[in-house]
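Take a look at the structure set out below.
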Amino acid sequence: MPEPRIRPAARALVVTPDHHVLLVRFEFPAGTRWALPGGGLEHGEDHRSALARELREEVGLNDIEIGPHIWTREIRIALLDGLWDGQREHVHLVEVPRMFDPAPTMTWDELAAEYLFEIRWWHRDEIAGSDVTFAPAALADHLGSLLDHGIPREPVDVGV
């Protein structure tokens, strides 16, 4: 059996001091997912440079400090482009001083072509009390642990 083709990706936990988190809504054939902004690495990019590009394109964040690699997530499911059998994500903490109005540099048509249809701020309590599907699925638990106990010494595997 051939080795699975796993795409490297970078995502950001964009969080404010009052515990609001910026999430993006993806609409896939398998259903809706509210996820962390970010995406796949392009040729020659490392995780931090890819994340800086993705945050600029998807939410309009420029000149930001990309914090530590806090979480890791791997999914094994064929991506819709057919080129990959899954994705391995490095999630970095990105702390912002306050909520801002997302202003993607990509057009909404370009974002929709990547299955992204909405960007919004969620409070940690709203995430904990919601019945929508998040990626990672246990986002509320991992977010709570990070906010209550601080940055882990080693990246935490947050599961699917």
Residues satisfying the stated conditions in region 34-56, i.e. charged (D, E, K, R) and either surrounded by 18 or more Cβ atoms within 10 Å (Cβ to Cβ) or part of a loop (DSSP other than H, G, I, E, B) (or both)
42, 45, 46, 54
Which one of the conditions (1) surrounded by fewer than 17 Cβ atoms within 10 Å (Cβ to Cβ); (2) touching a helix residue (DSSP H, G or I) at 6+ places or on another chain (Cβ under 7 Å); (3) not hydroxyl-bearing (Ser, Thr, Tyr) does residue 68 fail to meet, given that it meets all the rest?
(2)
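Within 16 Å of residue 13 (Cα to Cα) and in a loop (DSSP other than H, G, I, E, B): is that true of residue 137 in this structure? I'd like the intermediate steps shown before the answer.
Numbers: within 16 Å of residue 13 (Cα to Cα): yes; in a loop (DSSP other than H, G, I, E, B): yes.
Yes, satisfied.
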Check whether at least one residue in region 68-75 is more than 21 Å from residue 121 (Cα to Cα), at pLDDT below 95 and not charged (D, E, K, R), and report yes or no.
yes
Are there any pairs, at least 6 apart or on different chains, whose C-beta atoms fall under 8 Å, with the first in region 114-142 and more than 24 Å from residue 61 (Cα to Cα) and at pLDDT 95 or above and the second of a type in the set (Val, Ile, Thr) and part of a loop (DSSP other than H, G, I, E, B), and if so, which?
137/160; 138/158
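For every residue, the table says whether it meets (1) among the acidic types (Asp, Glu); (2) farther than 20 Å from residue 74 by Cα.
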residue: 109; (1), (2): yes, yes
residue: 115; (1), (2): no, no
residue: 120; (1), (2): no, yes
residue: 134; (1), (2): no, no
residue: 137; (1), (2): no, no
residue: 141; (1), (2): yes, no
residue: 145; (1), (2): no, no
residue: 153; (1), (2): no, no
Keeping to region 30-68, report how many residues are among the hydroxyl-bearing types (Ser, Thr, Tyr) and under 17 Å from residue 117 (Cα atoms).
1
Before we move on, is residue 151 within 21 Å of residue 30 (Cβ to Cβ) and either more than 16 Å from the chain's Cα centre (by Cα) or β-branched (Val, Ile, Thr) (or both)?
no
The listed residue being in contact (Cβ under 8 Å) with a residue 40 or more places away in the chain and closer than 21 Å to residue 78 by Cα, out of 39, 60:
39
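What number of residues within region 77-130 are small (Gly, Ala, Ser) and assigned to a loop (DSSP other than H, G, I, E, B)?
Step one: of region 77-130, the residues small (Gly, Ala, Ser) are 78, 82, 86, 103, 112-113, 128-130.
Next, from what is left, pick out any that are assigned to a loop (DSSP other than H, G, I, E, B): 78, 82, 103, 130.
The qualifying residues number 4.
Does region 1-20 hold any residues that are surrounded by fewer than 21 Cβ atoms within 10 Å (Cβ to Cβ) and within 22 Å of residue 99 (Cβ to Cβ), and which are they?
Hits for region 1-20 are 15, 16, 17, 18, 19, 20.
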Report whether or not residue 130 is small (Gly, Ala, Ser), loosely packed, with under 15 Cβ neighbours inside 10 Å and under 21 Å from residue 30 (Cα atoms).
yes
Quick check on my filter: what residues within region 11-29 are assigned to a loop (DSSP other than H, G, I, E, B) and closer than 16 Å to residue 112 by Cα?
29
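The values are calculated or read from the model by the stated rules, or taken from the named source; none is laboratory data. Just so it is clear, the structure is predicted and the values come from calculations on it, not from any experiment. Glycine also receives a Cβ, built like all others from the backbone with ideal geometry; neighbour counts cover every protein chain displayed.
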